[in-house]
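Submitted below is the structure of interest, expressed as structure tokens.
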Amino acid sequence: MTKDAYQQTYSAVRQNLIRLSSIRAVALLGQIVALIYFTQISPIGLPATAIAVVLAVYASVTAATWQRSRMQVPITDNEFFTHLLADILFFSLLLYFSGGASNPFISYYLIPISIAAITLSRRYSIFVALTAMVAYSLLLKYYMPIAALAPSHHHGAGDNSLHILGMWANFAISAAIIIYFISRMASALKIQQQEIALQREAQLRDEQLLAVGTLAAGTAHELGTPLNTMKLLVDEMLVDKMPVDNSDLALLNQQIDQCKTTLKQLLTTAEESQSSQLKAQSVTTYFSTVVERWQLMRPTLKANINFKDCVDSYAIFHPTIAQSILNLLNNAADASTHVDVNISWNTDTATIDIRDYGTGFDPAKMDSLGEAFVTDKADGLGLGLFLSQATLTRFGGSVSLQNIAASDSQSGTLTSILLPLEASAE
């Protein structure tokens, strides 16, 4: 069992102990009220002192149990099992002083049996049921008789009435049904919960892999441009065999710095994606930073950036969202040297329209775009769009691609991103 599984088990047992303390408190209150009523208002001959002592000890145990459930020390099934046995013991003492098996509240024994069947293993549940059965059986013979609680018909002074024996038989059948059926249902439910927990862990691993893949795809895009620029410069130097121009060296140095910045940004984004405490930030600042970062990666690109009149608001963005947007912006920049970007938002949704002036997508591949390893680029891997779309969908967003209509003066592609700001905050 993993560490997380242990923590979940201890947490469940702790919650069960808290609920048991609440049940004890309710039962204790009812017993105190009954004691006061049947000794002060309508006396029936109860040994008030003995019952009061048992209730006082039981109240102390209940208070100690409540305090124990608040401690950080793990609570085991063995400890919870002991608490159920203690409940049977205290309840048996109360029944001993109040008519034994003739007390109508004898059926309360079913409560710890039911709790054991739901929360503990079958071995513990059977032991709790047998303990309750033994206590019930002993109370048929050993108890302080209370005339007001005795059955109206007796076979003799030393015999138990058919009514009490019938109650005992009914209790035995009820306990057997609870242990057999409810424990099975509880076991099936626990198995189902464990399967759900395993599926949740697998989903979290998939999301982490998706985040890593998105970061890798974005980094590949960001590093691709400066590396290509440096490759072109070096090739020209080798072909021309002329003295190196200072401007070329300055450009090479700038591209190297850009690579370093990209790698540093990758590390920062990876650390932020692992954090569960993401801070809200200005939507205007966020999108401005993403666009500026993209323009630094594409210094020769003619980009027309348009922020529509929007009232600024705040939202929490997962770090992989920026990488996904950058991937789609880079796809447009790879398609043409001129890109129009229109960004708008309201309090609920942000919209980003990216218009390039390339040749557009192959109509035969339009339906399959966005799937893994499907690309329209000669040297593409088909992962950038797939990971970007998967990431944005994870946060409630969507990506749509369409070729510009033939009636337009120029061809190209329109990429539309819809991102719910509230979904990003979640």
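The values are calculated or read from the model by the stated rules, or taken from the named source; none is laboratory data. Treat the numbers as computed from the prediction; the structure is a model and nothing was measured. No Cβ is skipped: glycine too gets one built from the backbone with ideal geometry, and neighbour counts run over all protein chains shown.
Checking the structure you have, find out if any residue of the stretch 310-329 is hydroxyl-bearing (Ser, Thr, Tyr) and surrounded by 19 or more Cβ atoms within 10 Å (Cβ to Cβ).
yes
Next question, about the same structure. For the stretch 290-302, give me each residue that is more than 22 Å from Gly397 (Cα to Cα), touching a strand residue (DSSP E or B) at 6+ places or on another chain (Cβ under 8 Å) and surrounded by 17 or more Cβ atoms within 10 Å (Cβ to Cβ).
Leu301 - this is the single residue of the stretch 290-302 that is more than 22 Å from Gly397 (Cα to Cα), touching a strand residue (DSSP E or B) at 6+ places or on another chain (Cβ under 8 Å) and surrounded by 17 or more Cβ atoms within 10 Å (Cβ to Cβ).
Could you tell me which of the residues Leu95, Leu120, Leu139 is modelled with pLDDT of 85 or more, more than 25 Å from Arg19 (Cβ to Cβ) and crowded, with 20+ Cβ neighbours inside 10 Å?
Criteria check complete, one pass: Leu139.
Restricting to the stretch 102-125, name every residue that is farther than 19 Å from Leu189 by Cα and assigned to a helix (DSSP H, G or I).
Looking only at the stretch 102-125, we keep the residues that are farther than 19 Å from Leu189 by Cα, and these are 102-112.
Passing the criteria: Ser102, Pro104, Phe105, Ile106, Ser107, Tyr108, Tyr109, Leu110, Ile111, Pro112.
Please give the number of the condition Val128 fails out of (1) under 30 Å from Ile191 (Cβ atoms); (2) surrounded by fewer than 14 Cβ atoms within 10 Å (Cβ to Cβ); (3) without any contact (Cβ under 8 Å) to a residue 60 or more places away in the chain.
Result: Val128 passes all but (2).
Taking Thr39 as the residue in question, decide whether it is closer than 21 Å to Ala86 by Cα and not basic (Lys, Arg).
No, not satisfied.
Given Glu236, Glu195, Glu272, which one is modelled with pLDDT of 70 or more, within 30 Å of Asn330 (Cα to Cα) and of a type in the set (D, E, K, R)?
Residue meeting the stated conditions: Glu236.
Scanning for something polar (S, T, N, Q), surrounded by 21 or more Cβ atoms within 10 Å (Cβ to Cβ) and either modelled with pLDDT of 85 or more or assigned by TED's automatic domain parsing to the domain that holds Val291 (or both), does the stretch 357-366 turn up at least one residue?
No, the stretch 357-366 has no match at all.
Looking only at the stretch 325-345, how many residues end up being of a type outside the set (A, V, I, L, M), assigned to a strand (DSSP E or B) and closer than 11 Å to Arg355 by Cα?
Final tally of qualifying residues: 3.
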